[in-house]
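Contents: one structure, followed by commentary.
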Amino acid sequence: AATDVDHTDNINTHEGQPRKKLKIYSEQIQATTHNTNHASRIPKEKIEHPLDNDFLLGEAATSKAHAGNKKYCRLITKRRVEYMLSDGSHRRKIVNSLVRKWKSQDPPGRFLKRSTKTKLWYDVGDYSAKEKTASLFNEKDFLEKQFGIV
């Protein structure tokens, strides 16, 4: 049966049971957020050897020494003060611009994670790249201890 939509208070399902619009909007936002990079539907490229333009997630011992991680963390430290003094919307813009800048290199920068099963690397997608970038801005101890950068 078709769904009737009442734009004022509730949305009625085919069973006639009202659901609050807020709940449906929340579900739509969650679906959009979780499917941003469609990671579950796109086959992941298997990468044997990361390049110097790649940022490696996980495995602190490996990622600490990787040239790409050091380079990316230097980019973060250059914008850290601006990030810390900004509101949420401007912080998102900073994170988005850094991820875009990283991916626009030649060869393109990637955000990679190693599979525990295959031991090969795969790109984690934009959503995880942005999450990691935002977390790095807030991890002064991480940058200082892992990379000698403040």
Spatial extent of the range 47-98: Rg and Dmax, with the Cα atoms as the point set, Å: 13.1, 39
Placed amide H near F111: partners under 5 Å, 5+ positions off or other chain: F55, V124, G125
Out-of-range pairs (alpha-carbon distance over 26 Å; input K70/K101; K78/K103; K93/K117; K44/K78): K93/K117; K44/K78
For the range 90-96, Karplus couplings with θ = phi - 60° (6.51, -1.76, 1.60), whole Hz, Gly/Pro x: 6, 4, 4, 5, 5, 4, 4
Difference of contour (0.36 nm per residue) and Cα-Cα distance, K93 to N138: 14.6 nm
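Values in this text are rule-based calculations from the coordinates and carry no lab data. Since the structure is predicted, the reported quantities are computational estimates derived from the model, not experimental observations.
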